[in-house]
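Novice: Got a structure for you, written out below as structure tokens; questions coming shortly.
The values are calculated or read from the model by the stated rules, or taken from the named source; none is laboratory data. The shown structure was predicted, so the numbers you read here are calculated from the model rather than taken from an experiment. Cβ coordinates were reconstructed from backbone atoms using ideal geometry, including for glycine residues, and neighbour counts include every protein chain displayed. Side chains included, ligands, DNA and RNA excluded: accessible areas come from the protein's heavy atoms. Shrake-Rupley method; radii C 1.70, N 1.55, O 1.52, S 1.80 Å.
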Amino acid sequence: MTLKDLHIDKSWTLFLDRDGVINKKLEDDYVKHWVEFEFIDDVLPNFKKLNEIFGTIVVVTNQQGIAKGLYTKEDLEIIHKNMLYELNYFKGTIHKVYFSPYLAAENHAFRKPNIGMALEAKKDFPHIDFSKSIIVGDSLSDMEFGRTAGMRTVYIHAEPVSNDKIDFQFTSLPEFIKQL
């Protein structure tokens, strides 16, 4: 099966992880301030194509650095406000950003792989149909999140990985966009 076989149109929703998908992930660290946020190459100029294809695009991101006291919700809101501004400048739109500030050890319903953020998105956008949704992420917990919610899953990773929770694999978000 290819992405084209899904017949994606404006009735579909795209869920995106943030770190490692939209922006460069910091090794053994968190993006705590806007100056540390760096878009992955070619994300900005290619993002608008996603808006031409998908009706709704949301970000779902675990941000346990907040619970660890490394940055605040206000710091994160500034990062997201600037991210959205930059994307908008390039004619790209993310309809809403959801984040989980909880520690992994808490196993909170809002923290991926749990699907609390997906359910919240469906509350905010009642037209979302998980069977017509795709999650793009760079971790297996993103894939589990998608599978549990009934979405198609796209794994972003430099090397191919074999896992039954992965429907499609690409090396980057821009590579995924090229295949749509």
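Novice: Output the number of residues of segment 124-180 satisfying the condition of being out of contact with any Lys or Arg (no Cβ under 9 Å at 6 or more places or on another chain) and within 17 Å of residue 18 (Cα to Cα).
Specialist: Total meeting the criteria: 12.
Novice: Give the number of residues within segment 48-71 that are within 16 Å of residue 10 (Cβ to Cβ) and open to solvent by less than 10 Å² (accessible area, probe 1.4 Å). Even if it seems obvious, please write down each step before you answer.
Specialist: From segment 48-71, those within 16 Å of residue 10 (Cβ to Cβ) are 48-58; that's our starting set.
Okay, now just the ones that are also open to solvent by less than 10 Å² (accessible area, probe 1.4 Å), so 50, 54, 56-58.
So the answer is 5.
Novice: May I pose another question? For the subset of segment 72-112 comprising residues that are crowded, with 16+ Cβ neighbours inside 10 Å and of a type in the set (Phe, Trp, Tyr), which member is farthest from residue 37 (Cα to Cα)?
Specialist: Here the answer is 110.
Novice: If you take the residues of segment 10-28 that are open to solvent by less than 70 Å² (accessible area, probe 1.4 Å) and among the charged types (D, E, K, R), which of them is farthest from residue 66 (Cα to Cα)?
Specialist: First, the residues of segment 10-28 that are open to solvent by less than 70 Å² (accessible area, probe 1.4 Å): 11-23, 26.
Those left that are additionally among the charged types (D, E, K, R): 17-19.
Working: 17: 17, 18: 15, 19: 15 Å.
My answer is 17.
Novice: Kindly provide the set of residues from segment 1-51 that are of a type in the set (S, T, N, Q) and either under 22 Å from residue 95 (Cα atoms) or in contact with a Lys or Arg (Cβ under 6 Å, 6 or more places away or on another chain) (or both), ordered by number.
Specialist: Of all residues in segment 1-51, those of a type in the set (S, T, N, Q) come to 2, 11, 13, 23, 46, 51.
Within segment 1-51, 11, 13, 23, 46, 51 qualify.
Novice: If you don't mind, there's one more thing I want to ask. Could you list, in sequence order, all residues of segment 30-47 that are open to solvent by 70 Å² or more (accessible area, probe 1.4 Å) and assigned to a loop (DSSP other than H, G, I, E, B)? Steps first, please.
Specialist: The initial filter retains those residues of segment 30-47 that are open to solvent by 70 Å² or more (accessible area, probe 1.4 Å), namely 33-35, 38, 41-42, 45.
Once the filter is applied, which keeps residues that are open to solvent by 70 Å² or more (accessible area, probe 1.4 Å) and assigned to a loop (DSSP other than H, G, I, E, B), segment 30-47 yields 33, 38, 41, 42.
Novice: Tell me yes or no: at least one residue of segment 118-141 is farther than 25 Å from residue 78 by Cα, of a type outside the set (A, V, I, L, M, F, W, C), under 13 Å from the mean Cα position of the chain (by Cα) and part of a helix (DSSP H, G or I). Talk me through it step by step, then tell me what you get.
Specialist: Start the filter on segment 118-141 by keeping residues that are farther than 25 Å from residue 78 by Cα, which leaves 126-134, 140-141.
Checking which are of a type outside the set (A, V, I, L, M, F, W, C) leaves us with 126-127, 129, 131-133, 141.
Going one step further and asking which of them are under 13 Å from the mean Cα position of the chain (by Cα), we end up with 133, 141.
After this cut, where a residue has to be part of a helix (DSSP H, G or I) as well, the list is 141.
Looking for residues that are farther than 25 Å from residue 78 by Cα, of a type outside the set (A, V, I, L, M, F, W, C), under 13 Å from the mean Cα position of the chain (by Cα) and part of a helix (DSSP H, G or I), one finds at least one in segment 118-141, hence yes.
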